[in-house]
Amino acid sequence: MPSTILISLFFIAWTQSTHVAVDATTIIPIIGGINCLFILAYIFLLRLNFWVALGGAFFLWASLSFGLVVIGFNSFEISLTGYVVLVVISHTIVEKSLKVRSEPGRQMRYTPAIMVFRAIFSGFVIVFAVVITKIGGPLMGGMFIMFPAMFVGMIFMTYFSQGAVFSAAVMKSSILGAINVVIYGIMARYTYIPLGFIGEGLQHQSLYPLQVLI
């Protein structure tokens, strides 16, 4: 479920405006592609050390993401095209070059500590994305909306419960599995303003017959 982006965009639209939320979606696809590179870096470096892999993946993500903000990236078409290209490249390298094999499903044990960690971490990312949008603008907000919080939770759970091989396999599937997050961002971009937001939508619908007559 695209939970982080769903809640983040909801609160940005609620506390600021639907236009700000829509502006934040401009960078969402390309950051989704950078998230795929985050996974690729993690899998590649995992052969060295878990913490090296996680740190290297974060360094790559931060460098590329902040780079887009610095240059003032503002093209949704390029963003969407870049996402498709990065998904294909990442999945091909993981599948063909790194030869990460798919693993059968395993029973995961969700301890209270794991659930609390995921809830607090994801909640912090959502709050931070909303606040940073207000302070730094929609571009930076959109970047943090797509922060790979879900991937980090999965990495910790899979690695420490099932080992490196299984963790790499799960993260490989996440490259394609996270497409729903970008799809939600695209849908929000094209529906938030025309359909309105909660009360706005009802208000616009009630005024529509009058607008037609005028």
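Below, the figures for the structure above:
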quantity: Matching entry among 169, 178, 188, 149 (being more than 30 Å from residue 48 (Cβ to Cβ) and crowded, with 16+ Cβ neighbours inside 10 Å); calculated: 188
quantity: Within the stretch 135-160, tally of residues that are closer than 21 Å to residue 177 by Cα and assigned to a helix (DSSP H, G or I); calculated: 15
quantity: Residue 6 surrounded by fewer than 23 Cβ atoms within 10 Å (Cβ to Cβ) and either touching a residue at least 24 places away in the same chain (Cβ under 8 Å) or outside any helix (DSSP H, G or I) (or both); calculated: yes
quantity: Test result for residue 53, at negative phi, in a helix (DSSP H, G or I) and surrounded by fewer than 21 Cβ atoms within 10 Å (Cβ to Cβ); calculated: no
quantity: Any hit, the stretch 67-79, residues being open to solvent by less than 50 Å² (accessible area, probe 1.4 Å), in contact (Cβ under 8 Å) with a residue 40 or more places away in the chain, small (Gly, Ala, Ser) and not in a helix (DSSP H, G or I); calculated: yes
quantity: Checklist (1) in contact with a Lys or Arg (Cβ under 9 Å, 6 or more places away or on another chain); (2) open to solvent by 10 Å² or more (accessible area, probe 1.4 Å); (3) under 28 Å from residue 166 (Cβ atoms) applied to residue 60, failing item; calculated: (1)
quantity: Residue in the stretch 84-96 that is out of contact with any helix residue (DSSP H, G or I) (no Cβ under 9 Å at 6 or more places or on another chain) and in a loop (DSSP other than H, G, I, E, B) present; calculated: no
quantity: Any pair with Cβ under 6 angstrom, 6 or more apart, that starts in the stretch 170-197 at a residue that is within 16 Å of residue 9 (Cβ to Cβ) and ends at one that is outside any helix (DSSP H, G or I) and open to solvent by less than 60 Å² (accessible area, probe 1.4 Å); calculated: 180/2; 181/2; 184/2
quantity: Selection status of residue 132, part of a helix (DSSP H, G or I), at pLDDT below 90 and crowded, with 16+ Cβ neighbours inside 10 Å; calculated: yes
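The values are calculated or read from the model by the stated rules, or taken from the named source; none is laboratory data. Since the structure is predicted, the reported quantities are computational estimates derived from the model, not experimental observations. Methodologically, a virtual Cβ is constructed for each residue, glycine included, from the backbone with ideal geometry; neighbour enumeration extends over all protein chains shown. The protein model used for the area step is the full one, side chains on, heavy atoms only, and it has no ligands, DNA or RNA in it. Shrake-Rupley method; radii C 1.70, N 1.55, O 1.52, S 1.80 Å.
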